[in-house]
1. Highest first, please rank the peptides 19-28, 120-129 by the mean number of other Cβ atoms sitting within 10 Å of their residues.
2. Measuring with a 1.4 Å probe in the full set of protein chains, what accessible area per residue, in whole Å², belongs to the chain?
3. Quick check: net charge around residue 147, other residues with Cβ under 13 Å of its Cβ, Lys/Arg +1 and Asp/Glu -1?
4. Which FRET efficiency, nearest 0.05, do residue 67 and residue 15 yield, Cβ-Cβ r, R0 25 Å?
5. Using per-residue counts of other Cβ atoms within 10 Å, averaged over each peptide, order 67-75, 42-50, 175-183 from highest down.
6. Among 8, 128, 178, whose Cα sits farthest toward the positive end of the charge dipole of the chain (+1 at Cβ of Lys/Arg, -1 at Cβ of Asp/Glu, about the Cα centre)?
7. Where does the charge balance sit around residue 83 when Lys and Arg score +1, Asp and Glu -1, over other residues with C-beta under 12 Å from its C-beta?
8. Mind running the shape call on the chain? Use the C-alpha gyration tensor, a ≥ b ≥ c as the square roots of the eigenvalues: rounded below 1.5 for a/c, prolate if a/b tops b/c, oblate otherwise.
Amino acid sequence: MRIQQLINTLEQKVQQLQQIYSSRQEEKIFTKFDRTLFSENGQTTAFYFAEIETTLKKIKSLYSTDIDHYKFITEHLLKQCRALSEALNRKQHQPISPKPKTSPVKKAHHDVHKLPPRERLEKYYEALEQLNNLYLQQKDLISIEKNPEEQKKIIRLAEGYKYRRQKCQEAIDLLEEYLAFKEEQEIKNNSEK
């Protein structure tokens, strides 16, 4: 019963936080967050709240007798809320925000090539999903944005994500072909023995 009370309290805290910043859902935040807290930098408030909701869902769907599991995810959720809250408060007092850095999808790119093919394929699929989401978010923002200059920036960003998504899909196709070829070779070698 203690765990259910904890979940209810966390849900209330997240809802309160969302209500406080409800008018700023489409606002972009260019704070560089710790990579363990959020998957992306330079996204909208709504994006970060969606990630907080995902963490909350993890807590709700956790069926464990070990209280440390709940503690760990709860601490993560609280850190996410604190970081987002601080970023939004800083932004309120600081009207000029720095330009966003390069996307995290690109940063992780180099390490991925060192992985074995199957693990690499998994990472490519994750990157593709991330790029799809980013592309769709930008497409949604285009219709919302009224400022023509900002709209042009969003369109350029969307085109960039579209291009990277295409490149990622090509890499997936190539790697899948390679893995299928290797599998075929293994079957052939085993049948010859």
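The values are calculated or read from the model by the stated rules, or taken from the named source; none is laboratory data. Bear in mind that the values here come from a model prediction, so they are computed numbers and not experimental data. Using ideal geometry, Cβ is built from the backbone for each residue, glycine included, and neighbour counts are taken over all protein chains shown. The protein model used for the area step is the full one, side chains on, heavy atoms only, and it has no ligands, DNA or RNA in it. Shrake-Rupley method; radii C 1.70, N 1.55, O 1.52, S 1.80 Å.
1. 120-129, 19-28
2. 69 Å²
3. Net local charge, residue 147 excluded: 0.
4. FRET efficiency, residue 67 to residue 15: 0.55.
5. Per-residue Cβ counts within 10 Å, averaged per peptide and sorted highest first, yield 42-50, 67-75, 175-183.
6. Final value for the positive-end residue is 8.
7. Charge balance near residue 83 sits at +2.
8. Oblate, since a/c reaches 1.5 and b/c is not below a/b.
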